[in-house]
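The block underneath contains the structure these notes are about, expressed in structure tokens.
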Amino acid sequence: MNDNNLPATLSDRMAALRQKATQAPEAWNPEPGDALIGILIGHQKAVGSYGENFQILVKDEVGTVTAAWLTQWLKQNLQSQGAETGELIALTFLGKKQSPAGRFYNAYSLIVDKA
């Protein structure tokens, strides 16, 4: 037990949660040509304008954590490139594109650096 009469593991968990709460990730709202570059550190569940979904978490070179919505395209491309936690990624927003069927969608490019 520590000074607060909490088991060390619970105290450690509470301290980690407190730190996490003060470092909430920024939501990525890119303009065409913007790139999110950093280390893939994980994912989280969040609620957005389209309901509940997952976001990937990317930490940049100064330690800022940014959350980007995990679209089906992004999920498939992360998998096909074998992206794993701890690897460097570059996600670039290419803007709105139109499919052959006439639907508009957000287009991205993804590079996974598997150093």
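About its Cα centre, the chain has a charge dipole of approximately 420 debye under the convention of +1 per Lys or Arg Cβ and -1 per Asp or Glu Cβ, with nothing else charged.
Restricting to DSSP H runs of at least four residues, report the calculated mean residue ellipticity at 222 nm for the chain, -39500 (n - 2.57) per run over all residues, nearest 500 deg cm²/dmol.
For the chain, the value works out to -6500 deg cm²/dmol.
Near the amide H of ASP34, within less than 5 Å, lie the amide hydrogens of PHE93, all on another chain or at least 5 residues away, with H placed in the peptide plane.
Amide hydrogen proximity for LEU70: with H placed 1.01 Å from N in the peptide plane, the residues at 5 or more positions away or on another chain lying under 5 Å are PHE54, GLN55, ILE56. Farthest towards the positive end of the charge dipole of the stretch 1-106, among the residues ALA68, GLY102, PRO32, is the Cα of GLY102, using unit charges on the Cβ of Lys, Arg, Asp and Glu.
Which option, [x] 7.9; [y] 9.8; [z] 6.8, is the value of mean projected area of the Cα convex hull in nm² that was calculated from these coordinates? Entry [y].
Values in this text are rule-based calculations from the coordinates and carry no lab data. A quick note: this is a predicted structure, and the numbers were derived from the prediction, not measured. Backbone-built Cβ (ideal geometry, glycine too); neighbour counts: all protein chains shown.
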